[in-house]
């Protein structure tokens, strides 16, 4: 920025501040009654001390404020807090999380046509008020409290800072992160609390035991994605991005630990991630095969269609937990809960989350998925067949299943041709 | 009260106090050895400072004390603490919760004959030592530690105040509520802790972040049901009572929030409650239908009979979790755990409890219930039929199921007649 | 010890201390950069104040240190902290917990031949780097973070004390215990926190509310097994050992409570343990019977063999949660999670863990096990039989099942002969 401009801006800011402080007096006479906590908190805030009054953030159009049209979103705050806004926007917190605003926007490997579900082609403005975690049938009330209470972090600084308090003690306390980073799908709060880091924090303070902010907001940065090497769904980034990010984290670890120690600890997390991913893949293969044979209950064509892929089986990362089959629901738990707990537990050095809440659940759910698959296979043969013992699958049936596997990309065209050849020979040999 | 009586009562009280303080000296010589913590806590208590000694609460009959016949229940405390007792009795804490003492007594919509399971007709005294959460087969040990450790709140102030401490710091701390208001069925403690209210409490203190007592014991009242608009099972009160109660809560919210904001937040909880209730109802319909068709495994007539309704299917609010079928056990989880977490999560503004621990579980359990219902339907047709594919239900069978639906009140007599007519016509048309 | 030796030892120790303090200076110049937290913590430690430098614990062979061959295990610490080491070794913390080092070593009732799975006969040295919780197929990374992060307590004082800090505030805080004593299988941390003891600790401090250390490390002892009356799997000790241990705990309780009160509270825990154990046994009988009839899915002979018992059904205390059947996985949850929560909840006076997280789960899992058993029985008859309704079991089949029961010790030889007689008569009567 041109350094001659700075004093001018500073002067303008001061004038705005004075004006808004003056206006504050007008607001306070009513709002001391109507929103007492807001007024109390503002009065004790750095904003009040700096003469930043109500109008500076809320404007002066009381009609718009009352209609909820003058929301104090991150652009308002970012007008002054430029560095924080820039950091925030570079982080996962700032990107495409807000339910109803296109939460799939920043997923890696997403299907391009999905954009068109929410957007006119080429436009950033959503064309409809879609309530989704990729197409969940959620009520607006559930979306508000169940989704956007957290995901509003994309657009509102108040998600963490709360509305009128400027007390840094609040946002520098790891408690403030718990509000969202908890629960079955990403219990970072719970696993940190009972890790050695969290234990030392509780017993000997932040200097000895690092908290969320120490590692994920180094030097007060609002880029919480520093040092993260995978997508929010647990898919590792490409090698070069992964290396850059890992180096960032190692620098943070190095404030306390020997570099070699930190490198090993994080590499163990990578290994656990890969091993856990293999268990999930095994489950996906079982379910894909059941679908090919028409054995899911209910089959996708007897459920509400997927908005983009119709009645095709969709097992990807944002798998729905509603209107599905029991076995897919088990896979949902594996992917969204067990897998997340295992790998986040490993990176946060929490044995109980890595093993019991993570790995053991992954393996138990895989046991249940195998049993259910066996049940479904028997059941089809019993209800569809002659009611006698399971009939051997005919070569024609095998060919049909093979074709389906090729169609959905589970095997390559070359593999398809090779296996088809084997089956056709089999068919010829048993006339 | 006659105001001339007051000085007299005051005098009598003082004499009792002095006498009991004198007696305390006799007790202490032994009890300093036998119950050291009780003595230490009493010595540091407001009771000791006011000269209220052992005998004032425990009496002087050592034989009865030793036999456990001189329990210091809420009538003893209420002799002095009259306002607290009156508030307590007006609240849910004071009503019919004590397991074995008729825990169904204050449920809305309860079946009148259920009283007779515990009481002689017209008598308040239980006729038997029934151990129940409506008839669970619970051991006396499990009833003591698993049920009455909390539900004794009906009859004992020590449930919260502990026995000899009078330190208000303890009972004004939200931790004391956690002992009971936690767990899978009503995790109010957990959901508050990680809500914005709880987070602000942890980081900036009670003045900024309200705790249990702030909202549920306003002005130190012992009526914890102020502002609550539904039964403990989540059934909304009748409209007029609901309005009165909501207005009470809005006044509490208004200490910090704009009334319109608070009204909207609570109305969102109402909407989430209604939507969640619909999911539970859908599951109940599925299970009721399976029972009508004799497809539950095991059917109620192959289980221990319900003490009041015999071998009828009972799906009401205090549904048992033992000696039932897998699908009813899933419904139990929906009603008792998922539903409670969803709606209490919404009213306490906790996104993770509302969505992941609540709504997502409701929907996943419904998926599992639908799958199990499909399995049970197929199974009956396979084991009972000719073992071939599912046979079409005969019109006679349809008529029998329709009759059962009418008998258990699932359809009105008019609906029954109408649908019966259709089926009879069908029967006549296909001789 | 010869009392004339003491001053000599003392002198030698002082010389070593001085020498190692001198050496510390050499280490610090590099390690202030390389492991800053370790240096900071050592500088603030009692070790530094007493002149105990790096070499005293780590030695001076930098090559071995770098290769991880100079680990500071409990023998190093125990060289000075003799009483702590002796206490530790007498406790469960000191015995056979370390995964990969023979974790079955100290289990009661273990199969002697199991020793040979890890050890040469007669040798204490493991013959292979077995990664096991009795034979789980665990990766070395999962074993490190998921198992040994806690189980290293057998061999390393740093499991609780952390590496360089000597601040007793840390290890006297119950938080430090949470790192391991939490989670679905032994949530002692969670159940203490929300018990009356934990609540009083949080609100009125350690003097009023006892913590882990108060009861389990009385007078600072490192023998954490004082007063414990059962194995880690929940099997009660023999009567005499049980009595000795109970008396130890009653003495601890007596610091606050009347002996009779404490005795009753702990006896209630015993009763709950026995009642809960009966539910687990009921489930085991159901599963054993299914195995006898070949109805498990998959049967043990279609899974990876047990390292010691091959394809036999193994339902013992360290039951695996992988490569098993759905119904055995449910039993695993009952034994490892539900049972532990119920009984530990009862001994720690936590109603929610005893009842909801414990007893209710035990009963619900039993419901699910019964339903699954019914499903499996029907399924066998449908797939193996003619597809018609369940055929009556032939007498020959009954005889075969009876033989299997006798073979695995579920019935005595006398019972076998008696029941066999009945069946043979039946066979003769229906030619």
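Annotations
- Distances in nm from residue C:309 to the matching label points in the other copies, shortest first (labels 7 Å along Cα to Cβ): 4.3, 4.3
- Each copy carries residue A:278; placing its label point 7 Å along the C-beta direction from Cα gives inter-copy distances of 4.6, 4.6 nm, listed from smallest up.
- Kirkwood-type radius of region A:270-415, with distances r between different C-alpha atoms, in Å: 16.6
- Relative exposure of A:299, A:364, judged by other C-beta atoms within 10 Å (fewest first): A:299, A:364
- Per-copy distances of the residue A:75 label point, shortest first, in nm (7 angstrom along Cα→Cβ): 6.9, 7.0
- Across all Cα atoms of region C:392-431, the radius of gyration (one decimal) and Dmax (whole number) stand at 10.2, 31 Å.
- Over region B:209-273, volume per residue of the alpha carbon convex hull, in Å³: 95
- Relative contact order %, region A:181-261, counting alpha carbon pairs below 8 Å whose residues are six or more apart: 16
- Other protein chain C-beta atoms within 10 Å of residue C-beta, averaged over C:359-369: 6.
- Stokes-Einstein D in µm²/s, Kirkwood radius over Cα pairs - region C:245-316 at 4 °C with 1.567 mPa s viscosity: 83
- Cα centroid separation, region C:335-370 to region C:222-275 (Å): 19
- Gap separating the Cα centres of region C:25-82 and region A:53-86, nearest whole Å: 55
- Per-residue average of Cβ from other chains inside 10 Å of C:247-259: 2
- Among A:67-74, A:199-206, the order from most to least packed when residues are scored by Cβ within 10 Å on average: A:199-206, A:67-74
- Sorting the Cα pairs of region B:174-237 by distance into bins of 5 Å, from 0 upward, gives 4, 17, 22, 26, 22, 7, 2, 0 percent per bin.
- Short-range pairs are left out: with C-alpha atoms under 8 Å and at least six residues apart, the relative contact order of region C:201-388 is 18 percent.
- Counting only Cα atoms, the size of region B:180-391 along its three principal axes is 71, 33, 29 Å, in decreasing order.
- Ranked list, fewest to most other Cβ atoms within 10 Å of each Cβ, for A:426, A:372: A:426, A:372
Read-outs: derived from the displayed coordinates by stated rules, not from any lab. Everything numeric in this text was worked out from a predicted model, so none of it was measured. Using ideal geometry, Cβ is built from the backbone for each residue, glycine included, and neighbour counts are taken over all protein chains shown.
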